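What follows is a single structure, written as structure tokens, with notes after it.
The values are calculated or read from the model by the stated rules, or taken from the named source; none is laboratory data. Remember, predicted model here, so these are calculated numbers, not experimental data. Cβ coordinates were reconstructed from backbone atoms using ideal geometry, including for glycine residues, and neighbour counts include every protein chain displayed. Note: areas computed on protein heavy atoms with side chains; ligands, DNA, RNA excluded. Shrake-Rupley method; radii C 1.70, N 1.55, O 1.52, S 1.80 Å.
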Amino acid sequence: AAALQYECSSFCAASPDNLMAPPKFKDLGKQAGDTLCDDDKYESKCEIKSKVKGINLTSTFTGNTNTGELGKAYIKGTLEAKGKYMDSDISLKFTDGGEATVKAENAALVKNLKLTAEYTVGKAPKLSGEYKHDMAFLTGAYDVSKKALDVTVSFGANGISGGLSHKLDLSGKSTGKNIPDFKTTYATKTLELTAFCNKGGKDAGVSAMNKVSDTMAVAVNVSQTKTDKTELGIALGGSYTLDDATDISATVSNAGSIHALCEAKIAPALKIKASGMVNTKDLANMKAHKWGLQMLYSL
């Protein structure tokens with residue numbers, strides 16, 4: 001569905017007052033990934049959003065987080081409050097396990113720069129930042145406890161963008177080679193072509209997304225993974241907009257998995273998302289299949 005909403009970015013055409021930075025590194029090739037259901041978490045979730053005296057409240061109840069395995073049942077709850085103090089956005093998040101997290105974001109200190117600080121009680125703080133330019137997008141995240149710095153940079157002009165992601169171990173304990181991940185994308189209003197190379201070439205491939213019409217898009221991903229042996233992965237999928245409120249997508253792969261996703265806005269304030277994955281090579285094993293049902297409600 002996201003692929004149908006794609007708009008080509010002409011990075012050089014943007015004016016200083018209407019900055020059009022290239023995508024973040026993680027969003028390069030995102031249109032094909034969305035069409036192929038790459039980001040589906042297969043979780044059961046109920047999310048309720050409301051606003052009280054300028055404070056945004058979000059209550060979330062989640063089951064089978066990150067697994068979606070059939071036959072398992074448990075629920076986790078979180079409550080998050082977001083507000084504004086001076087030039088910063090402040091959020092407080094509480095979980096049913098007693099964990100409390102405070103997060104502050106500021107985008108007013110320097111033009112096009114956003115700084116974020118996050119602290120969870122009992123844990124080391126995390127610091128991150130983003131800087132946007134009309135031809136570049138830089139991000140950095142520092143984990144104090146792990147002494148690890150994640151850096152990404154992407155560049156773009158006239159529909160062509162590329163970038164790299166690199167993790168720096170500042171603890172001095174790392175002994176292996178730390179090779180950056182690379183990715184490059186060419187995009188128009190109806191086409192997206194992406195090539196990537198991760199882990200020093202151990203994980204590499206290409207993906208393509210084509211917007212066939214205003215209501216339909218198709219995508220393919222071909223990747224090669226080198227472990228003890230070289231494995232070739234092929235995924236083919238498509239998305240279709242049934243009407244203004246309903247989108248469906250499906251993907252099949254040579255690994256034997258079939259993915260399906262349906263998103264529907266059944267009321268102005270209520271959105272439902274249902275997803276599932278069937279492993280055709282292990283049909284008798286219930287744990288080999290996944291499912292998810294999400295309800296998003298805004299008061």
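Of GLY162, GLY205, GLY172, all but one fail to be modelled with pLDDT under 95 and small (Gly, Ala, Ser); the exception is GLY172. One residue stands out among those in segment 239-248 that are part of a strand (DSSP E or B) and charged (D, E, K, R): the one that is modelled with the lowest pLDDT, which is ASP243. Determine whether ILE248 is closer than 29 Å to THR58 by Cα, among the hydrophobic types (A, V, I, L, M, F, W, C) and open to solvent by 30 Å² or more (accessible area, probe 1.4 Å). So ILE248 passes the test.
In segment 194-221, the residues that are touching a residue at least 60 places away in the same chain (Cβ under 8 Å) reach residues that are part of a strand (DSSP E or B) and of a type in the set (D, E, K, R) with C-beta atoms within less than 7 angstrom, at least six apart or across chains, in these pairs: THR194/LYS183; PHE196/LYS183; ALA208/GLU192; MET209/GLU192; ALA217/LYS211.
Filtering segment 136-188 to residues that are touching a His at 6+ places or on another chain (Cβ under 9 Å), under 20 Å from LYS126 (Cα atoms) and not aliphatic (A, V, I, L, M) leaves ASP150, THR152.
Do we have ALA284 as touching a strand residue (DSSP E or B) at 6+ places or on another chain (Cβ under 9 Å) and hydrophobic (A, V, I, L, M, F, W, C) here? Considered against the rule, which asks whether it is touching a strand residue (DSSP E or B) at 6+ places or on another chain (Cβ under 9 Å) and hydrophobic (A, V, I, L, M, F, W, C), ALA284 comes out as no. Cβ separations smaller than 6 Å between residues 6+ apart or across chains give the following pairs from segment 25-53 residues that are buried (at least 18 other Cβ atoms within 10 Å of the Cβ) to residues that are part of a helix (DSSP H, G or I): GLN31/ALA3; ASP34/ALA2; ASP34/ALA3; THR35/ALA3. Could you look through segment 283-298, keep only residues that are open to solvent by 30 Å² or more (accessible area, probe 1.4 Å) and out of contact with any Leu (no Cβ under 9 Å at 6 or more places or on another chain), and pick out the one that is nearest to VAL222 (Cα to Cα)? Looking at the filtered set, the residue picked out is LEU283. Restricting attention to segment 262-282, does a residue exist that is open to solvent by less than 30 Å² (accessible area, probe 1.4 Å), within 24 Å of LYS45 (Cα to Cα) and in contact with a Cys (Cβ under 6 Å, 6 or more places away or on another chain)? No, that holds for no residue.
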